[in-house]
1. Restricting attention to the stretch 52-88, which residues are within 12 Å of residue 124 (Cα to Cα) and crowded, with 19+ Cβ neighbours inside 10 Å?
2. In this structure, does residue 178 turn out to be over 24 Å from residue 73 (Cβ atoms), assigned to a loop (DSSP other than H, G, I, E, B), touching a strand residue (DSSP E or B) at 6+ places or on another chain (Cβ under 7 Å) and touching a residue at least 40 places away in the same chain (Cβ under 8 Å)?
3. I'd like the full set of residues that are part of a strand (DSSP E or B), farther than 16 Å from residue 197 by Cα and within 15 Å of the chain's Cα centre (by Cα), limited to the stretch 145-175.
4. Residue 107 versus (1) closer than 17 Å to residue 88 by Cβ; (2) without any contact (Cβ under 8 Å) to a residue 60 or more places away in the chain; (3) within 19 Å of the chain's Cα centre (by Cα): which is the lone unmet condition?
């Protein structure tokens, strides 16, 4: 695999007690990790090829589906939503889905999720931020950040026993205290967007896109206009 290639990725921000004293779920990356070692991050990771074919019990909200198409190749929305749900499950053991039976064969990297008796469901995901890793980093990701309410998780939100070991020190961190942790720069930027979304249950009308490329670092707004197709 070309480690310099930009990979599509999905990240999930789980928000708890949003009307009272909100908390977010974060964990710490290992010291030997090639990407953001030792940093506290939200669960997330790269899209797998199989994610595009995973059945969803419920699709993304239409508004989020349109925003994901802006400044992007067509047809990524389903895979991004599935990747968000899979990464949340793998790294935290939390289930975002509906009870149901999988049709046909289950992809290998979805076996454990399917064994819980759930199908992944994307209808509670809110697309709230997008960021492209700057050039020169050991890994580059075009990451879409999704916000979900902890009340929509199907299992016990304090039980991380099914989590893999990619993130350590999984914990609910008070939103007001999150900046006291060792965070990547982009996570601090995303936190400001989360703070602005705490009291809103509707997807945002437009989504910030922090695009870093060889020419410049730009903040754009995604409003739901897909890139034109080129011959």
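Bear in mind these aren't lab numbers, they're just calculated from the coordinates by the rules spelled out. Quick caveat: nothing in here was measured; it's all calculated off a predicted structure. Neighbour counts are summed over all protein chains in view; Cβ atoms, including those assigned to glycine, are modelled from backbone coordinates with ideal geometry.
1. If the condition is that a residue be within 12 Å of residue 124 (Cα to Cα) and crowded, with 19+ Cβ neighbours inside 10 Å, then 60, 64, 81, 84, 85 are the ones that fit.
2. So residue 178 fails the test.
3. Once the filter is applied, which keeps residues that are part of a strand (DSSP E or B), farther than 16 Å from residue 197 by Cα and within 15 Å of the chain's Cα centre (by Cα), the stretch 145-175 yields only 167.
4. Status for residue 107: all satisfied but (3).
The rows are residues; the columns are (1) touching a helix residue (DSSP H, G or I) at 6+ places or on another chain (Cβ under 7 Å); (2) crowded, with 23+ Cβ neighbours inside 10 Å; (3) farther than 16 Å from residue 45 by Cβ.
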{"residue": "98", "(1), (2), (3)": "no, no, yes"}
{"residue": "109", "(1), (2), (3)": "yes, no, no"}
{"residue": "116", "(1), (2), (3)": "no, no, yes"}
{"residue": "134", "(1), (2), (3)": "no, no, yes"}
{"residue": "141", "(1), (2), (3)": "no, no, no"}
